[in-house]
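K.L.:
Here it is: the structure, laid out below.
The values are calculated or read from the model by the stated rules, or taken from the named source; none is laboratory data. Since we're looking at a predicted model, the values are computed, not measured. Please note: Cβ atoms are built from the backbone with ideal geometry, for glycine as well, and neighbour counts cover all protein chains shown. Note: areas computed on protein heavy atoms with side chains; ligands, DNA, RNA excluded. Shrake-Rupley method; radii C 1.70, N 1.55, O 1.52, S 1.80 Å.
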Amino acid sequence: MTDVKNSAAKCLKIRLTDRPGSDSCEFRKKSRHYAGEETCMASWNIETKCVQGGYRPGNGEPREVPIIQSTTFKYDTSSDMAKLFDLEASGYFYTRLQNPTNDYVAAKIAEMEGGTAGMLTSSGQAANFYSVFNIANAGDHVISSASIYGGTFNLFNVTMRKMGIDFTFVSPDCTEEELDAAFRPNTKAVFGESIANPALTVLDFDKFAKAAHAHGVPLIVDNTFPTPVNCRPIEFGADIVTHSTTKYMDGHGSAVGGAIVDAGKFDWMAYADKFPGLTTPDDSYHGITYAEKFGLGGAFITKATSQLMRDFGSIQAPQNAFLLNLGLESLHVRMKQHCENGLALAKFLSGHPMVDKVSYPGLPGDAYYEVAQKYMPNGTCGVVSFEVKGGRAAAEKFMQNLRIFAIETHVADARSCCLHPASSTHRQMTDEELLAAGVPGSLVRMSCGLENTGDLIEDVAGALEAIMK
Ligand SMILES: *Cc1c(COP(=O)(O)O)cnc(C)c1O
């Protein structure tokens with residue numbers, strides 16, 4: 001009946017009608033939102049994708065992404081609905097699995113990353129869980145960089161181990177031989193963060209992608225910190241990209257969320273025995289085989305939606321997806337200021353007598369400067385870590401004396417904030433694990449927001465002076 005509903009339902013084709021051989025332009029054109037588009041959005045630059053990607057309203061439709069605040073969707077016949085349940089037709093039936101607002105925003109993020117399909121999740125944790133669990137089952141094994149977000153480390157090392165999945169954690173700086181030696185016959189994926197939170201190590205994409213592909217498994221990259229504005233992992237060999245959209249993408253500390261994007265490049269059928277979930281029939285959908293029916297570009301996300309979202313239900317609220325989209329529209333403008341503030345703070349700290357060590361991959365001389373220049377030459381992120389002289393106690397005193405940087409369990413939004421990882425996000429780790437993750441007790445993580453650069457430096461200078469008193 002209403003245009004919004006009908007066009008929204010058609011938008012699902014972005015995901016479900018993707019077939020082998022249909023490039024992203026082709027399947028977009030099948031949707032009314034893209035009909036008549038002269039230029040393919042794939043050729044747009046990142047700034048334009050941030051603003052206009054994903055949602056293309058038709059004649060007389062809302063200019064802004066509509067919030068479809070509905071749990072359910074109405075159909076004329078039960079056979080119409082049966083086709084949806086068999087994944088034979090595209091459309092929505094229940095928001096626990098899919099919602100049009102989410103799909104518009106997921107399509108934007110997929111375009112920004114240069115992927116073929118995307119989905120939103122309720123959080124970054126859910127995105128990382130789904131990205132691995134979609135291809136690894138009990139009895140399988142996954143290799144992960146040890147330098148990852150504490151919550152992800154716990155998810156892998158504790159919770160997913162309880163589910164029977166084994167993990168080997170490797171140093172992001174391991175040699176090719178060490179990485180190679182970590183593989184087992186039952187290894188199903190390699191995981192890393194493009195810029196690790198909070199250690200700020202930068203992933204050597206060439207090394208990790210080469211090893212993963214040599215062993216016939218995909219590389220999954222959490223790209224939360226640089227965002228696709230500064231780094232697009234798919235261009236460097238990543239097969240699946242995940243996000244905590246809670247960070248820069250939303251950017252205002254308003255909505256927890258996550259996203260998964262498929263590069264559409266990994267050939268599941270070529271390693272059919274490794275990935276039976278994608279390459280053999282799914283009885284819960286009358287025996288469809290994802291990799292056959294949805295092809296390279298659509299299999300991974302369709303399976304994650306129709307199995308994992310169905311069973312776990314970690315859907316993002318459409319209201320949050322709307323807020324996320326507002327954040328995405330200005331992401332390219334904000335990232336510049338975050339990076340400018342981050343670099344200025346890193347430079348200031350690196351010359352300060354109360355500071356032992358500064359980590360900022362955009363700072364010349366940083367251990368990851370060269371790698372960062374290779375994969376994210378236009379900027380990294382606004383997060384700077386440093387070790388205060390005087391250990392844990394000095395770190396606490398420093399933080400108490402900040403005025404602009406607020407103490408928060410958060411990072412990467414408009415307001416500057418800081419955190420002591422060893423006593424918060426990484427609290428569950430042992431001392432050895434903390435060191436392996438690059439997070440000693442003296443480490444403070446500063447997240448530069450969008451405030452004036454000079455004001456931020458002055459705030460930090462004053463708090464460092466207070467320790468000395
Ligand atoms: C915050 C974060 C996560 C977890 O995301 P939530 O949205 O908090 O669930 C995962 N990865 C990275 C790199 C993060 O910074």
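K.L.:
If contacts are Cα pairs under 8 angstrom and at least 6 residues apart, what is the relative contact order of segment 125-251 in percent? Write out the running numbers ahead of the final one.
P.N.:
Values: 226 pairs, mean separation 31.5, N = 127.
It comes to 25 percent, rounded to a whole number.
K.L.:
Tell me the accessible surface of L435 in square angstrom (1.4 angstrom probe, heavy atoms of protein chains only), to the nearest ten.
P.N.:
120
K.L.:
Just how far, in whole angstrom, is segment 305-349 from segment 449-469 if you go by their alpha carbon centroids?
P.N.:
26
K.L.:
Ordering R96, R415 by accessible area with a probe of 1.4 Å, largest first, what comes out? Kindly include the intermediate steps, with their values, before the conclusion.
P.N.:
On the way: R96 95, R415 120 Å².
Ranking R96, R415 by accessible area, largest first, yields R415, R96.
K.L.:
Nearest 10 degrees, 0 to 90: what angle lies between the long axis of helix 205-214 and the longest principal axis of the chain (Cα atoms)?
P.N.:
Value to nearest ten degrees: 40.
K.L.:
Tell me what the chain gives for mean residue ellipticity at 222 nm when only DSSP H runs of n ≥ 4 count, each as -39,500 (n - 2.57), the sum divided by the residue total, rounded to 500 deg cm²/dmol.
P.N.:
Working: 20 runs with 171 residues, N = 469.
Using -39500 (n - 2.57) per qualifying helix, the result is -10000 deg cm²/dmol.
K.L.:
Roughly what angle does helix 124-133 make with the longest principal axis of the chain, taking Cα atoms, 0 to 90 degrees, to the nearest 10?
P.N.:
So the inclination is approximately 60 degrees.
K.L.:
Can you tell me the dipole magnitude for segment 332-468 around its Cα centre, using point charges on the Cβ only (Lys, Arg +1; Asp, Glu -1), in Debye to the nearest 20?
P.N.:
Numbers: 12 positive and 16 negative charges, 27 e Å.
It comes to approximately 140 debye.
K.L.:
Under the 0.36 nm per residue contour assumption, what length would be gained going from the current alpha-carbon distance of D283 and E176 to full extension? Provide the component values of the computation, followed by the final result.
P.N.:
On the way: separation 107, 0.36 × 107 = 38.52 nm, distance 4.00 nm.
Full extension of this stretch gives 34.5 nm more.
K.L.:
Quick one: ranking S350, S131, S70 by accessible area, 1.4 Å probe, largest first, what do you get?
P.N.:
Working: S350 70, S131 0, S70 45 Å².
Result, largest first: S350, S70, S131.
K.L.:
Excluding ligands, DNA and RNA, what is the solvent-accessible area per residue of the chain at a probe of 1.4 Å, expressed in Å²? Kindly include the intermediate steps, with their values, before the conclusion.
P.N.:
Values: 17600 Å² over 469 residues.
About 38 Å² of surface per residue is accessible.
K.L.:
Quickly work out the R310-to-T71 label distance, labels modelled 7 Å from Cα along the C-beta direction, and quote it in nm with one decimal.
P.N.:
Each label point is offset 7 Å from its Cα along the Cβ direction, giving 2.0 nm.
K.L.:
For E458 and D431, what does the FRET efficiency come to when R0 = 25 Å and r is the distance between their Cβ atoms, rounded to the nearest 0.05? Kindly include the intermediate steps, with their values, before the conclusion.
P.N.:
Details: r = 35 Å, r/R0 = 1.38.
Efficiency, from the Cβ-Cβ distance: 0.15.
K.L.:
A further question on this structure: How large is the accessible surface of W44 in square angstrom, using a 1.4 angstrom probe and rounding to the nearest 10?
P.N.:
Probe radius 1.4 Å; accessible area of W44 about 50 Å².
K.L.:
With every protein chain left in place, what is the accessible area of Y94 in Å² (1.4 Å probe, nearest 10)?
P.N.:
Accessible surface of Y94 is approximately 90 Å².
K.L.:
Still on this structure: Points 7 angstrom from Cα along the Cβ direction at A466 and W44: gap in nanometres?
P.N.:
4.5
K.L.:
List, in order, the whole-Hz ³J(HN,Hα) value for each residue of segment 351-358 obtained from phi through the Karplus relation with A = 6.51, B = -1.76, C = 1.60 and θ = phi - 60°; use x for Gly and Pro.
P.N.:
Calculated HN-Hα couplings, in order: x, 9, x, 8, 10, 7, 8, 10 Hz.
K.L.:
Using a 1.4 Å probe on the protein chains only, how many percent of the accessible area of the chain belongs to carbon and sulfur? Each step should come with its number before you reach the end.
P.N.:
Values: 9100 of 17600 Å².
With neighbouring chains kept in place, the figure for the chain is 52 percent.
K.L.:
Okay, moving on. How high is the FRET efficiency between E88 and S424 when r is their beta carbon distance and R₀ equals 45 Å, given to the nearest 0.05?
P.N.:
Values: r = 48 Å, r/R0 = 1.07.
Computed FRET efficiency for E88 and S424: 0.40.
K.L.:
Taking Cα pairs under 8 Å and at least six residues apart, what relative contact order does the chain come out at, in percent?
P.N.:
16
K.L.:
Okay, moving on. Under 5 Å between amide hydrogens, which residues at least 5 positions from A406 or on another chain qualify, with H placed 1.01 Å from N in the peptide plane?
P.N.:
Counting only residues 5 or more places away or on other chains, the set is C417, C418.
K.L.:
For E451 and M163 in one chain, what is 0.36 nm times their gap in residues minus the Cα-Cα distance, to one decimal in nm?
P.N.:
Details: separation 288, 0.36 × 288 = 103.68 nm, distance 4.39 nm.
Stretched fully, the E451-M163 segment lengthens by 99.3 nm.
K.L.:
Another question, if that's okay. My understanding is that a pair violates if its Cα-Cα distance is over 26 Å; which of K49/K247; K162/K274; K207/K265 do that in this structure?
P.N.:
Numbers: K49/K247 19 Å; K162/K274 21 Å; K207/K265 18 Å.
Violating the 26 Å limit, Cα to Cα: no pairs.
K.L.:
May I ask you to rank F236, F73 by accessible area, largest first, using a 1.4 Å probe over the protein chains only? Walk me through the numbers before you get to the answer.
P.N.:
On the way: F236 55, F73 30 Å².
Sorted descending by solvent-accessible area, the residues read F236, F73.
K.L.:
On C-alpha positions alone, give me the angle between the axis of helix 318-329 and the longest principal axis of the chain, in degrees, nearest 10.
P.N.:
60
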